[in-house]
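Worksheet for the structure shown next.
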Amino acid sequence: MDLSNLKPAEGSVKTNKRLGRGVASGKGGTSTRGHKGAKSRSGYSRKIGFEGGQMPLQRRLPKFGFKNKNRVEYKAINLSTIQALAEEKKLSKIGIDEMVAAGVIAKKHLVKILANGTITSKLEVVAHAFSKAAEDAIVAAGGTVVKL
């Protein structure tokens, strides 16, 4: 095999219908577009969602809800995760850098500590936000809470 005898696989290439090339072709005259109307004319394009004049779906359905542009999205970290990380790495202070190094969060994330699980170690926990229960649990275990 060389470049001189390369060709596509059998049946993979179809020839296009040759429209509007005279009456004898069988596809002359209106070129399969029918008579009159927008679809027969050149440059026709139907708008997306057009349903032939029927009220389109996106207009039949009611509007609802809104997006709060001031929303702050936090990555939730549970106390059980903090405790496991402290035991695994033998840490007394857990901050954003330690969580990033452990692969729990990405550098860009804002972190909120939630109270799921228990904490037994005396830890200094640094994060952007804490739930009230998580804050109480950390302080009850003898640790400190630092909000960024």
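Taking residue 68 as the residue in question, decide whether it is touching a strand residue (DSSP E or B) at 6+ places or on another chain (Cβ under 7 Å), in a loop (DSSP other than H, G, I, E, B) and not basic (Lys, Arg).
Judged against the criteria, residue 68 is not a match.
Of the conditions (1) part of a loop (DSSP other than H, G, I, E, B); (2) surrounded by 12 or more Cβ atoms within 10 Å (Cβ to Cβ), residue 42 clears all except one; give me its number.
(2)
Return the residues of the stretch 80-116 that are at pLDDT below 90, more than 14 Å from residue 143 (Cβ to Cβ) and not in a helix (DSSP H, G or I); say none if nothing qualifies.
If the condition is that a residue be at pLDDT below 90, more than 14 Å from residue 143 (Cβ to Cβ) and not in a helix (DSSP H, G or I), then 90 is the only one that fits.
Residue by residue, here is whether (1) touching a residue at least 60 places away in the same chain (Cβ under 8 Å); (2) in contact with a His (Cβ under 9 Å, 6 or more places away or on another chain); (3) hydrophobic (A, V, I, L, M, F, W, C) holds:
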residue	(1), (2), (3)
39	no, no, no
55	no, no, yes
76	no, no, yes
99	no, yes, yes
103	no, no, no
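Enumerate the pairs (first residue in the stretch 1-28 and on the phi < 0 side of the Ramachandran plot; second residue anywhere and in a helix (DSSP H, G or I)) with beta-carbon separation below 8 Å, excluding pairs fewer than 6 apart on the same chain, so at least 6 apart or on different chains.
From residues that are on the phi < 0 side of the Ramachandran plot, the pairs are 18/25.
Tell me which residues, restricted to the stretch 119-148, are loosely packed, with under 11 Cβ neighbours inside 10 Å and assigned to a loop (DSSP other than H, G, I, E, B).
Listed by number, the list holds a single entry, 148.
Being charged (D, E, K, R), modelled with pLDDT of 95 or more and surrounded by fewer than 10 Cβ atoms within 10 Å (Cβ to Cβ) is the requirement here; does residue 60 meet it?
The answer is yes for residue 60.
The values are calculated or read from the model by the stated rules, or taken from the named source; none is laboratory data. What you see is a predicted model; the values in this text were computed from it and never measured. Don't worry about glycine lacking a Cβ; one is built from the backbone with ideal geometry, like all the others, and counts go over all protein chains shown.
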